[in-house]
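Q: Input: one structure, supplied below.
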Amino acid sequence: MPPPRSYHTQAVIIRKTKLGEADRILTLYTPDLGKIQGFAKGVRKTKSKLSGHLELLTHSQVTLARGKNIDTIIGSQTISAFLPLKSNLGLTSYGLYITELVSQFTVEHVADRPLFDLLLDTLHCLCRDCDQELLTRYFELHLLNEAGYRPQLEHCVSCQTPLNKSHGYFCPSAGGVLCPRCSHYQSFSYHVSVTGLEVLSRLQRSNEPLNLNISQDLSAELARVMRHYIKYLLDREVRSAVWLDSLKRQAGKGCLPLL
């Protein structure tokens with residue numbers, strides 16, 4: 001029996017691309033189909049009934065009609081608009097960063113329900129009062145775990161020496177942390193403090209985001225470690241991360257409030 005001509009799915013809109021004068025190609029992340037693309041005809045027209053339900057950073061119920069090359073979105077209803085993310089430039093930048101990571105670390109039509117739940121839970125957490133940087137580190141670590149790039153943070157990846165109560169050196173090409181002795185044999189590794197390793201390990205082991213009180217210097221250290229690793233894995237900088245950094249610098253100079 002042939003598959004039905006149309007189907008329904010929940011989806012988070014993670015990317016959009018203009019097509020022609022009024023259309024878009026949307027990238028959707030779904031719980032049961034993984035990453036898929038949909039053609040949204042006329043969605044850029046002011047009178048489009050679909051446009052408000054197919055914005056970036058929106059969780060929607062979507063109906064698609066099967067097509068030869070790409071399926072067409074024929075209906076959509078918002079489940080959660082995540083309005084705080086869209087009314088605050090700083091939160092928008094965090095939301096776009098995590099959705100870009102999902103887009104970059106996934107392939108089409110490979111379902112990963114835990115990753116979909118992680119994405120959805122993280123977007124909801126961003127809408128609440130929380131440490132956005134710490135939440136982002138939690139998301140990065142658990143995304144990498146789902147993608148098969150879980151970094152080793154508790155033992156030296158070279159000699160397997162436990163790193164408890166000891167600083168280390170994160171080596172992206174080795175996939176984790178080296179002890180001080182083994183780090184001498186690697187050209188590119190980055191120092192990680194004892195506290196930094198402890199926080200990253202706790203985030204990695206936890207089943208939910210943690211509410212920790214950490215300093216700005218430690219937060220910057222954790223971001224630097226994860227940024228280097230993700231850049232190595234993707235072989236390029238994450239575009240939205242560059243924008244996020246720019247906003248942070250402007251906020252630090254008092255040019256605009258990040259949050």
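Bear in mind that the values in this text are calculations on the coordinates, not laboratory data. Keep in mind it's a predicted model, so treat the numbers as computed, not measured. With ideal geometry, Cβ positions are generated from the backbone for all residues, glycine too; neighbour counts draw on all protein chains shown.
Q: Return the ratio Rg/(2.2 N^0.38 Å) for the stretch 149-200, where Rg is computed over Cα atoms only.
A: With N residues counted in the stretch 149-200, Rg over 2.2 N^0.38 Å equals 0.95.
Q: Quick one: 3J(HN,Hα) in Hz for the stretch 144-152, Karplus 6.51/-1.76/1.60 with θ = phi - 60°, rounded, Gly and Pro as x.
A: Working through the residues one at a time gives 5, 4, 5, 7, x, 10, 4, x, 7 Hz.
Q: Excluding ASN207 itself, calculate the net charge of residues whose Cβ lies under 12 Å from the Cβ of ASN207, where each Lys or Arg counts +1 and each Asp or Glu counts -1.
A: My count for the surroundings of ASN207 gives -1.
Q: Starting with the fewest neighbours, write out ASP129, ASP71, ASP245 ranked by other beta-carbon atoms found within 10 Å of each beta-carbon.
A: So the ranking, lowest neighbour count to highest, is ASP129, ASP245, ASP71.
Q: I need ILE230, ILE74 ordered by Cβ neighbour count within 10 Å, fewest first.
A: Ordered from fewest to most neighbouring Cβ atoms within 10 Å, ILE230, ILE74 come out as ILE74, ILE230.
Q: While we're here: Given N residues in the chain, what is its alpha carbon radius of gyration divided by 2.2 N^0.38 Å?
A: It is 1.11.
Q: On C-alpha positions alone, give me the angle between the axis of helix 216-234 and the longest principal axis of the chain, in degrees, nearest 10.
A: That helix lies at roughly 60 degrees to the long axis.
Q: Could I ask something else about it? Give the share of C-alpha pairs in each 10 angstrom bin for the stretch 6-81, from 0 to the last occupied bin, in whole percents, shortest bins first.
A: Distribution as computed: 22, 61, 16, 0 percent.
Q: Here's a follow-up. Short version: ³J(HN,Hα) in whole Hz for each residue of the stretch 91-104, in order, from phi by Karplus 6.51 cos²θ - 1.76 cosθ + 1.60 (θ = phi - 60°), x for Gly and Pro, what are they?
A: Each residue of the stretch 91-104 in turn: 5, 4, 5, 5, x, 5, 5, 5, 6, 5, 4, 4, 4, 6 Hz.
Q: Please give me, ordered by residue number, the trypsin sites (Lys or Arg not before Pro) of the stretch 54-135 that lie in loop per DSSP and have at most 10 other Cβ atoms within 10 Å.
A: Listed in order of number, the matching sites are LYS68, ARG128.
Q: What residues of the stretch 41-77 lie in the reach of a label at ALA22, counting those whose backbone N is under 13 Å from a point 7 Å from the Cα along Cα→Cβ?
A: Taking a point 7 Å out along Cα→Cβ of ALA22, the residues of the stretch 41-77 whose backbone N falls under 13 Å are 41-51.
Q: Considering amide H positions built from the backbone, and no H for Pro or chain starts, which residues 5 or more places from LEU19, or on another chain, come under 5 Å of its amide H?
A: Counting only residues 5 or more places away or on other chains, the set is ARG24, ILE25.
Q: Mind computing the radius of gyration and Dmax over the alpha-carbon atoms of the stretch 110-259? Å is fine for both.
A: 15.8, 48
Q: Starting with the fewest neighbours, write out CYS156, CYS171 ranked by other beta-carbon atoms found within 10 Å of each beta-carbon.
A: CYS156, CYS171
Q: Within a Cβ distance under 14 Å of VAL242, other residues only, what is the Lys/Arg minus Asp/Glu net charge?
A: After counting each charged neighbour, the total is +3.
Q: Would you mind checking the tilt of helix 194-205 against the longest principal axis of the Cα atoms of the chain, expressed as 0 to 90 degrees and rounded to 10?
A: So the inclination is approximately 40 degrees.
Q: Next question. Order of 205-216, 110-121, 24-35 by packing, highest average Cβ count within 10 Å first?
A: Going from most to least packed, we get 24-35, 110-121, 205-216.
Q: Please get the size of the charge dipole for the chain, origin at its Cα centre, with Cβ charges of +1 on Lys and Arg and -1 on Asp and Glu, quoted in debye to the nearest 20.
A: For the chain, the charge dipole is close to 860 debye.
Q: Using θ = phi - 60° and the Karplus relation 6.51 cos²θ - 1.76 cosθ + 1.60, list the HN-Hα couplings for the stretch 78-89 in order, rounded to whole Hz, with x at every Gly or Pro.
A: Once θ is set to phi - 60°, the couplings for the stretch 78-89 become 5, 9, 9, 8, 6, 4, x, 5, 9, 10, 9, 4 Hz.
Q: So, one more: Considering only the other residues whose Cβ falls under 13 Å of the Cβ of ALA147, what net charge follows from Lys and Arg at +1 and Asp and Glu at -1?
A: Once all neighbours under 13 Å are counted, the net charge is -1.
Q: At a Förster distance of 35 Å, what's the computed FRET efficiency of ARG249 paired with ARG5, Cβ-Cβ distance as r, to 0.05?
A: 0.10
Q: Okay, moving on. In nm, to one decimal, how far is the modelled label at GLU154 from the one at ARG236, with both set 7 Å along Cα→Cβ?
A: Result: 3.6 nm between the two label points.
Q: Further, regarding this structure: Going by average Cβ density within 10 Å per residue, which order do the peptides 233-242, 139-148 take, highest to lowest?
A: In decreasing order of mean packing, 233-242, 139-148 become 139-148, 233-242.
Q: Can you give me the long-range amide H partners of THR58? Hydrogens built in the peptide plane at 1.01 Å from N, cutoff under 5 Å, separation of 5 or more residues or another chain.
A: Sorted by chain and number, the residues that satisfy this are ILE13.
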